[in-house]
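Undergrad: For reference, the structure I am asking about is given below.
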Amino acid sequence: QVHLVESGGGLVQSGGSLRLSCKASGVNFRLKTMGWYRQAPGKQRELVASITDTSNTYYVESVKDRFTISRDNVRRTVPLQMNNLKPEDTAVYYCTTEQGGRTFWGRGTQVTVSS
């Protein structure tokens, strides 16, 4: 069974940094594209960053040059380093992957950036 667990969220001041992590189990991690989404109150969930099995990365324009996604195939984790955080980054951040035609999500971790 696929299981994704996010950690590392919290409250930080504008300009600060946080490092999120997603721990995956129940998937052939090395072969999976992994993604981080976020959902702010009253807004749709959006893809923030993703990383393929060959470590090709994608970032939404609003986080480029501030966020960095990576992967550790030994620990089966996907860190998301977030620097120069802004109040508009406030959201619940979710880890996601696909397997067997289904999309799986973690429970999310709250990131709150105060101005």
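Undergrad: Whole-Hz ³J(HN,Hα) for each residue in region 92-106, computed from phi via Karplus 6.51 cos²θ - 1.76 cosθ + 1.60 with θ = phi - 60°, x for glycine and proline: what do you get?
TA: Listing the rounded values in order: 8, 9, 10, 8, 8, 7, 10, 7, x, x, 10, 9, 10, 10, x Hz.
Undergrad: Roughly how many Å is it from the Cα centre of region 45-92 to that of region 1-43, as a whole number?
TA: Taking the Cα centre of region 1-43 as reference, the centre of region 45-92 is 8 Å away.
Undergrad: Tell me the relative contact order for the chain as a rounded percent, counting alpha carbon contacts under 8 Å between residues six or more apart. Write down the numbers at each step before the final one.
TA: On the way: 276 pairs, mean separation 41.4, N = 115.
The normalised contact order for the chain reaches 36 percent.
Undergrad: Check Thr90: other-chain or 5+ apart residues with amide H under 5 Å from its amide H, H built from backbone geometry?
TA: Val113
Undergrad: How much length, in nm to one decimal, is gained on full extension between Lys43 and Thr57, taken as 0.36 nm per residue of separation minus their Cα-Cα distance?
TA: On the way: separation 14, 0.36 × 14 = 5.04 nm, distance 2.41 nm.
Value of the extension gain: 2.6 nm.
Undergrad: Hey, with R₀ at 30 Å, roughly what FRET efficiency would Arg66 and Val5 work out to, going by the Cβ-Cβ distance, to 0.05? Don't skip to the answer; put the middle values down first.
TA: Details: r = 24 Å, r/R0 = 0.80.
The computed FRET efficiency comes out at 0.80.
Undergrad: If Lys and Arg each add +1 and Asp and Glu each add -1, what is the summed charge of the other residues whose beta carbon sits under 14 Å from the beta carbon of Glu98?
TA: Values: positive: Lys32, Arg102; negative: Asp53.
After counting each charged neighbour, the total is +1.
Undergrad: Where a ≥ b ≥ c are the square roots of the eigenvalues of the C-alpha gyration tensor, would you call region 35-80 rounded, which needs a/c under 1.5, or, failing that, prolate if a/b is larger than b/c, or oblate? List each step's numbers first, then the result.
TA: On the way: a/c = 2.46, a/b = 1.75, b/c = 1.40.
Prolate shape, in that a/c is at least 1.5 and a/b is the bigger ratio.
Undergrad: Next question. Would you kindly calculate the mean projected area, averaged across all directions, of the convex hull enclosing the Cα atoms of the chain, in square nanometres? Write out the running numbers ahead of the final one.
TA: Numbers: hull surface 27.1 nm².
The Cα convex hull of the chain, projected and averaged over all directions, gives 6.8 nm².
Undergrad: Positive end of the charge dipole of the chain (Lys, Arg +1 and Asp, Glu -1 on Cβ, about the Cα centre): tell me which of Leu85, Thr96, Val60 has its Cα farthest that way.
TA: Positive-most Cα among the choices belongs to Thr96.
Undergrad: Sort 4-13, 75-84 by packing, meaning the average of other beta carbons within 10 Å per residue, with the highest value first. Provide the component values of the computation, followed by the final result.
TA: On the way: 4-13: 15.7, 75-84: 18.8.
Result, highest mean first: 75-84, 4-13.
Undergrad: Right, next: Under a Cβ-only charge scheme (Lys and Arg +1, Asp and Glu -1), can you give me the dipole magnitude of the chain about the Cα centre, in debye to the nearest 20?
TA: Working: 15 positive and 9 negative charges, 58 e Å.
So the magnitude is around 280 debye.
Undergrad: Can you work out the Karplus-derived ³J(HN,Hα) for every residue in region 25-36? Use 6.51 cos²θ - 1.76 cosθ + 1.60 with θ = phi - 60°, whole Hz, and x for glycine or proline.
TA: Here the 3J(HN,Hα) series is 9, x, 10, 7, 3, 4, 9, 9, 7, 10, x, 10 Hz.
Undergrad: Let me ask something else. Tell me, what ³J(HN,Hα) does each residue in region 54-63 have, in order and in whole Hz, if you take phi through Karplus 6.51 cos²θ - 1.76 cosθ + 1.60 with θ = phi - 60° and put x for Gly and Pro?
TA: With coefficients 6.51, -1.76 and 1.60, one gets 9, 6, 6, 10, 10, 9, 5, 3, 5, 10 Hz.
No value in this document is a laboratory result; all are computed from the given coordinates. All values derive from a computational prediction rather than experimental measurement. Note: ideal-geometry Cβ built from the backbone for every residue, glycine included; neighbour counts use all protein chains shown.
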